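First comes the structure, then the notes that go with it.
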Protein chains: 2
Amino acid sequence: MTGAAPRLVDIAESAGVSVATASRALSGREGVSAAVAERVKQIAESLGYIANVHARSLAGGTTSSVGLVIHEVADPYFSEIASGVMRVAGRQGLSVQMCHSGRDPQIELRQLRTLIANRVGVIVVAGSGYLDQEAERSIHRELTRFTQAGGRVVAIGRHQHATDAVLPANTDGGHAVTRHLLELGHRRIAVIAGSLGLTTVADRLTGVHRALSAAGLGEQDVPVVEAPFTREGGKAATLELLERYPDRTAVLALNDDMAIGALSVLRSRSLRVPDDMSVTGFDDVPVAADLSPSLTTVRLPMQQMGEKALELALRPPAKRPRRVVMPATLVERGSSGPPRSS
Amino acid sequence: MTGAAPRLVDIAESAGVSVATASRALSGREGVSAAVAERVKQIAESLGYIANVHARSLAGGTTSSVGLVIHEVADPYFSEIASGVMRVAGRQGLSVQMCHSGRDPQIELRQLRTLIANRVGVIVVAGSGYLDQEAERSIHRELTRFTQAGGRVVAIGRHQHATDAVLPANTDGGHAVTRHLLELGHRRIAVIAGSLGLTTVADRLTGVHRALSAAGLGEQDVPVVEAPFTREGGKAATLELLERYPDRTAVLALNDDMAIGALSVLRSRSLRVPDDMSVTGFDDVPVAADLSPSLTTVRLPMQQMGEKALELALRPPAKRPRRVVMPATLVERGSSGPPRSS
DNA sequence: CTGAAAGCGCTTACAG
DNA sequence: CTGAAAGCGCTTACAG
């Protein structure tokens, strides 16, 4: 074996045609007799020819790959979104290049530059923007340049960069789940939240506060404990909450991961859910329904959000950024109930 | 704005040097005066220059991307692996191109060809091989060609293609969890399994049978209900099991997803776990510890498996395929206990 | 329908 | 240390 992958010129030679003809035949373009096209394809097949995408992209100015920036693929919120993106990409024959931002604007910027270097045609950025103005500016600049060079950008979640976006109804969701707890009779609620610097957190919290104030409660009535937006963060926040605000009857977690952490801590303290404490989540990750008690939460159609984002990106840009709002639906399950009558 | 991304020649021109010098300066190669290098870098920075990876790869014959084939990213087993791969890739400045095989050898083949077309330097294939010989052959052929052309392939899980591999101790794990149930006193066990055509399933089952026979039980004593290797599959299999084998005292699921499905069905039937029925899983996905009851399972270090796989791929190939076995550890939690004394 | 040639944006010997 | 030139493997006008 030679060890070298066959090139187009090898196929052309073997078929006794020019590379131009071979190229046309293989890409199914017009202007090649059926017989020749057939022969070329046959030969390519038998030689195991696979066109070099780099050469193709350089020569043709085309690209068949999309970049996907997520915070962390092991986080089910993002893996669901990624799955949706991959499904559409698979259908369209596109490759997806995935990278982690780790919720760090510096890293996000670096990853974006890598994607641009790789000449992806589309970039889907999932996960909230940062409230850090400075960091956002550099990201914005890079994305603008990319767009001006013909790239397409779609954000999932609110993003500083004005672009087409798929927006989960975070505020609505925060409102709905808060009202749910209020209607059950809870007044002594505590919120456990991821970093307040994330727009996702800020938006959900806005919904919470809106529902609170509609019920005559103020922000000061509902403490917000901040911690990492993860299961571990949920545990830490719940521990702190139990210590500092022992009178609470409901824990409103701003994502399911934190809620799962809360359930775990409550179980270890032998506090019954929902009898002693109600717990609610946000996102409705797949496992939420299978927890015990099953988790009352706000459903976001994550896979669809991923699909929709790439579909938007594949359409030609509109004059003004398109915004697709994805509904947030309250899902009442076993983890929430009336407060203990203390 | 022109709309076109600046090229190396633009930088060179702007800096008053040749493209050769500019290229050397930007890639930090030797043979450029510090002053010139500095100036070139400055200009590149200010113009927002990002080298075209396609051109670079074509010219230099290098590649900075790795391909990752997994069954489905929304499956936590694979998202954990993917996370490990991405972590190492991030450290090394490599891009990762991810694709789904959907546990379909035809699709896997197509995805491999796409990765090869994209001239990735490394391919990590996660997920078991298929027992389907025919399908494996084409995949094997493609990977061999890739390797001969200088590519590196590492499999996670047993794979027909003889290559460096990270091998979870599936058989050991199957053995350990079965012995655990036997030691608790269970004799009337049922297995719920993903497709028997997957090597992962076959290997885990081998461990189960080995432990069974060591305890004087035969394969015919332990029915195996086959269903999709998912939560839904776990539900379906458990429903069938309850109907066909009502005397069972333990459900041994061959992955956590199926176990979660089983727990869900048992709960809806008001069967208590582990009092009425023990349930065990396999993998130890993050949520397993947070279920209620928490899931007894076999831990596989999935993130590490992903990391290890890419690390292996980044080392030069050895004469003979390297095999790294990753230990499977029994994790005893709340979902298993002695059988009801009926 | 087919081919010769230019060119995509880089890198890397080869000279100087 | 620096530059002119060839070449990576394709595609796409441009001729014929």
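The values are calculated or read from the model by the stated rules, or taken from the named source; none is laboratory data. Just so it is clear, the structure is predicted and the values come from calculations on it, not from any experiment. Cβ coordinates were reconstructed from backbone atoms using ideal geometry, including for glycine residues, and neighbour counts include every protein chain displayed. Remember, those area values only see protein heavy atoms, side chains included, never the ligands or the DNA or RNA. Shrake-Rupley method; radii C 1.70, N 1.55, O 1.52, S 1.80 Å.
Remarks
- About the centre of its Cα atoms, chain A shows a dipole size close to 880 debye [charges on the beta carbon of Lys, Arg (+1) and Asp, Glu (-1) only; nearest 20 debye].
- For chain B, adding -39500 (n - 2.57) for each run of n ≥ 4 DSSP H residues and dividing by the number of residues yields -14500 deg cm²/dmol at 222 nm.
- For A:Ile192, residues with placed amide H under 5 Å, excluding near neighbours: A:Val225, A:Leu252, A:Ala253, A:Leu254
- FRET E, pair A:Leu196, A:Asp221, Förster distance 22 Å, beta-carbon r, rounded to 0.05: 0.75
- Positive dipole terminus of segment B:31-180, leading residue within B:Val177, B:Asn52, B:Gly67 (C-beta point charges): B:Asn52
- Interface residues of segment A:283-300, defined as a loss of at least 20 Å² in heavy-atom accessible area between the chain alone and the complex of all protein chains with a 1.4 Å probe, are A:Val287, A:Asp290, A:Leu291, A:Ser292.
- Phi-derived couplings, Karplus 6.51 cos²θ - 1.76 cosθ + 1.60 at θ = phi - 60°, listed residue by residue for segment A:275-281: 4, 8, 7, 8, 9, 10, x Hz, with x used for Gly and Pro.
- Extension gain, B:Leu47 to B:Ala34, is 2.7 nm, computed as 0.36 nm per intervening residue step minus the present C-alpha separation.
- A:Gln304 versus A:Gln106: modelled label distance in nm, points set 7 Å from Cα along the beta carbon direction: 3.9 nm
- Computed lengthening from B:Ser27 to B:Leu314, 0.36 nm per intervening residue step minus Cα-Cα distance: 101.2 nm
- Antiparallel bridges, percent of DSSP beta bridges restricted to chain B (to nearest 5): 10 percent
- For segment A:76-82, Karplus couplings with θ = phi - 60° (6.51, -1.76, 1.60), whole Hz, Gly/Pro x: x, 4, 7, 6, 5, 4, 4
- Extreme residue, positive dipole direction of the protein assembly as shown, given options B:Thr206, B:Gly31, B:Leu263 (C-beta unit charges): B:Gly31
- Taking chain B and dividing mean pair separation by its residue count, relative contact order in percent (alpha carbons under 8 Å, at least six apart): 16 percent
- Whole-Hz couplings from phi, Karplus 6.51/-1.76/1.60, listed for segment A:244-259; x for Gly and Pro: 7, 10, x, 8, 5, 10, 8, 10, 9, 8, 8, 8, 5, 4, 5, 5
- Centre separation in Å (Cα based) which lies between segment A:228-242 and segment B:159-231: 37 Å
- Across the identical copies, how the A:Arg320 labels are spaced - nm, sorted shortest first, 7 Å along Cα→Cβ: 6.9
- For the protein assembly as shown: accessible area per residue (Å², 1.4 Å): 41 Å²
- Taking the Cα centre of the protein assembly as shown as origin and assigning +1 to Lys and Arg Cβ atoms and -1 to Asp and Glu Cβ atoms, the resulting dipole is close to 1440 debye.
- Split the accessible area of segment B:274-318 by element, probe 1.4 Å, and carbon with sulfur accounts for 49%.
- Percent breakdown of C-alpha pair distances by 5 Å bin, ordered from the shortest bin, for segment B:170-299: 2, 12, 25, 27, 22, 10, 2
- Alpha-carbon centroids, segment A:301-342 and segment B:279-293: separation in whole Å: 28 Å
- Across the copies of the chain, B:Gly218 has label points (7 Å from Cα along Cα→Cβ) spaced 7.8 nm apart, shortest distance listed first.
- Counted over the protein assembly as shown, the DSSP beta bridges are approximately 15% antiparallel.
- Percent carbon-and-sulfur accessible area, segment A:1-101, ignoring ligands, DNA and RNA, probe 1.4 Å: 51 percent
- Interface size A-B, as summed buried accessible area [1.4 Å probe, Å², nearest 100]: 4600 Å²
- Amide H contacts of A:Val122 (H built 1.01 Å from N, under 5 Å, at least 5 apart or other chain): A:Gly67, A:Arg152
- Put simply, the amide H of A:Gly334, placed in the peptide plane, has neighbours under 5 Å in A:Ser294, A:Leu295, A:Thr296, leaving out anything fewer than 5 places away on its chain.
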